[in-house]
Amino acid sequence: MTRWLDDDEQRTWRNYLAVTQLVQEALDRQLQREAGMPHTYYMILVALSEAPGRSMRMHELARRAQSSQSRLSHAIARLEERGWVCRNPCAADRRGNIAELTDAGFAALAAAAPGHVEEVRRSLFDALTPEQVTQLDEICAAVRKTLES
């Protein structure tokens with residue numbers, strides 16, 4: 001038997017879809033306009049900047065970026081063209097590759113970060129009270145835990 005959404009759930013679901021799409025579009029527009037990069041590239045640079053040695057195996061980076069291997073490989077190729085990332089063979093496993101954030105890539109990320117965080121605030125957090133931020137965190141953590149287990 002299908003468990004249809006009731007009116008409250010349907011309204012919440014549609015608001016969730018609209019908000020996630022609108023926030024993603026706002027972040028992408030801001031980064032394209034101010035930093036010349038899509039949000040996906042920004043998230044790759046962030047993941048690399050937070051990794052030990054500013055490098056990470058490609059399959060792990062794909063997982064962290066919630067991307068397929070082929071999409072990530074395409075993005076890394078574009079980031080290599082810009083001089084922001086370099087790709088090296090994995091010494092321990094010749095079949096694997098490691099993506100490494102270059103100094104130029106780190107500088108591009110550092111330059112993009114202030115505008116990005118301001119857009120995150122404008123698009124999401126400025127509309128919420130501190131209590132709502134806590135509730136949103138708890139809700140997202142619960143959903144994430146379900147989906148990642």
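The values are calculated or read from the model by the stated rules, or taken from the named source; none is laboratory data. Please read all numbers here as calculations on a predicted model, not as lab measurements. Positions of Cβ are generated from backbone atoms using ideal geometry, with glycine treated the same way; all protein chains shown enter the neighbour counts.
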| task | Report, by residue number, each residue of region 119-148 that is exposed (fewer than 10 other Cβ atoms within 10 Å of the Cβ) and either touching a Leu at 6+ places or on another chain (Cβ under 7 Å) or not in a helix (DSSP H, G or I) (or both). | result | 129
| query | Name the residues in region 64-86 that are more than 16 Å from residue 38 (Cβ to Cβ), at pLDDT below 95 and not small (Gly, Ala, Ser), would you? | reply | 64, 69
| task | Being within 30 Å of residue 89 (Cα to Cα) and over 13 Å from the mean Cα position of the chain (by Cα) is the filter here, so list the residues in region 8-48 that pass it. | result | 35, 36
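Kindly provide the set of residues from region 62-73 that are under 14 Å from residue 97 (Cβ atoms) and either exposed (fewer than 13 other Cβ atoms within 10 Å of the Cβ) or in contact with a helix residue (DSSP H, G or I) (Cβ under 6 Å, 6 or more places away or on another chain) (or both), ordered by number. Can you show your working first?
Applying the first criterion (under 14 Å from residue 97 (Cβ atoms)) to region 62-73 yields 62, 69-70, 72-73.
Hits for region 62-73 are 62, 69, 70, 72.
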| Are there any pairs with C-beta distances below 7 angstrom linking a residue in region 38-53 that is in contact (Cβ under 8 Å) with a residue 40 or more places away in the chain and buried (at least 18 other Cβ atoms within 10 Å of the Cβ) to a residue that is of a type in the set (Gly, Ala, Ser) and not in a helix (DSSP H, G or I), with the two at least 6 apart or on different chains, and if so which? | 44/65; 48/55; 48/99
| query | Only one of (1) farther than 27 Å from residue 144 by Cβ; (2) in a helix (DSSP H, G or I) is not met by residue 113, so which one is it? | reply | (1)
